[in-house]
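Each remark here refers to the structure printed beneath this line.
Nothing in this text is a laboratory measurement; each read-out follows from the coordinates by a stated rule. Source: prediction; values computed, not measured. Please note: Cβ atoms are built from the backbone with ideal geometry, for glycine as well, and neighbour counts cover all protein chains shown.
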Amino acid sequence: MRILSIIGYRFPTSWRDPLICGAQAQPVFQFVEMARRGIEVCVMTRRGPDEPPAQEFNGVQVRRYVSWSHVGGDRQTTSLSLHRLALLKRTIEEFEPEVAIVITPLGFERRILRKSGVPYIYVNHGVSGNFVRNLGWSLADMAGRAHINLISVPLHRATARNAALVIGVCQQDLDILHDRDRIPMDKLRLIHNGVDTQHFSPTASAGPFYRTHQVPEDAPIVLLVGRFSREKGFHVLADAAEAIIGEVPTTYFVLAGLRADPAYIERLKASIPVPLRSRFVIATDIPQEDLPAYYAAATVCVVPSVGYDPFPGTMLQAMAAGKPLVSSDMPSRRELVKDGHNGLMVAPGDCTALARAVTRLLVDQELGTRLADAGRDLAVRERSLQLCVDKYVDLLAETIGLPVCRTER
């Protein structure tokens, strides 16, 4: 099987590249696992500074396009790049794919795929357009809002309607795709994200973390991993810190992730009370291969999102690493977290509730162990990377036999 994938954000050049968070890392692990199984995979991805135009990454062919006209931020970026169009035509001629996995809204690329006889499935890691909810009313945010509503959303809907099949990563995604975007239910499939339970494992070493950061090895650590942007709720944990330290004075807080919004990081740092700043580690641009060490060092992991953030991959990473999890209570997350069984849920934005939940896990180690064991068990049995890729391979085989959709608006 020969698979072409078109993605809108960047693909790493090595495992030492800065951290790609959550759902952005999902395709990387999936494609490497497919290549390990002998499936030919070619990925077209946006090119960053100093990145090679083409390379092989752990068995995956990677070809990079130049785009100065991408909108939508770090999530499912919409590109209007002429270079991407030219590269797609050349890649189809040289690689001769049987099927494509599309993880970005398409424009004229749909016509190229149709004329080439290549069916595609459209993967929606959080439905395009809903991220407007995470924007404020600054001039930059208003411009982003206009770009998403006027460009990304129409292209997203056309991409979904012309796909052979559309994949959602949670039931909420499928409901929105059906109710709002009018995608027929028989065209929708649910494939939950998977996690590499060997890469993220309770046996991982915390050594790289402690060699990098001056944190006592016997100190409890509260870890939050994600893109540094407001919807991820880093500021909620910062607001909860004083109450947590009041109950467990030796606690440290590690905030780790992709430098998505530098201005937000500066506001976050300024919001931390001066007496508490020595207890915070803010780590940006972490090498991907070092991330398991951060989980290994953690005592409790939190994902306190406040905006539209339906299914962060970091939740699965924490569970696979065998760490107790505290998450914001959102409908999509209830598909994974059962409150009191394999994690704790708190109302989004409620720093008091977050402080109580984290303190409870730091104090009651037996509860933390029970939740962590249940989370690890779920990750291994139901949400492993291998199981996820099995489902993709079956669906791709089904898609190869489907007719290529005509162009619709």
query = Looking at the square roots a ≥ b ≥ c of the eigenvalues of the Cα gyration tensor of the stretch 339-392, which shape do they give, rounded for a/c under 1.5, prolate if a/b is larger than b/c, or oblate?
reply = oblate
Theoretical ellipticity at 222 nm over the chain - DSSP helices of four or more residues, -39500 (n - 2.57) apiece, nearest 500 = -11500 deg cm²/dmol
Residues 60, 306, 274 arranged by fewest to most Cβ contacts within 10 Å = 274, 306, 60
ask   = What is the stretch 301-393 by shape, rounded, prolate or oblate, if you read a ≥ b ≥ c off the alpha carbon gyration tensor as root eigenvalues and call it rounded for a/c under 1.5, prolate for a/b larger than b/c, and oblate otherwise?
value = oblate
ask   = The list (1) 27.4; (2) 23.7; (3) 21.7 gives values of Kirkwood radius over Cα pairs in Å, and only one came from this structure; which label was calculated from it?
value = (3)
key: Reachable lysines, given that their alpha-carbon falls under 19 Å from the alpha-carbon of residue 89 and they are not under 8 places away in the same chain   = 115
query = What is the dipole size for the chain, taken about its Cα centre, with +1 at each Lys and Arg Cβ and -1 at each Asp and Glu Cβ, in debye to the nearest 20?
reply = 1220
ask   = Per residue and in Å³, how big is the convex hull formed by the alpha-carbon atoms of the stretch 207-382?
value = 104
inquiry  = Give me the net charge for the shell around residue 97: Cβ to Cβ below 11 angstrom, other residues only, Lys and Arg +1, Asp and Glu -1.
reply    = -4
key: chymotrypsin sites (Phe, Trp or Tyr not before Pro), loop per DSSP, at most 14 other Cβ atoms within 10 Å - longest free stretch of the chain   = 138-409
note = Ranked from fewest to most other Cβ atoms within 10 Å of their own Cβ, 330, 44 fall in the order 330, 44
ask   = Measuring from a point 7 Å past the Cα of residue 373 along Cα-to-C-beta, which residues in the stretch 311-327 have an amide N at less than 15 Å?
value = 322-324
ask   = What ranking of 388, 351 emerges when the number of other C-beta atoms within 10 Å of each C-beta is taken as an exposure proxy, fewest first?
value = 351, 388
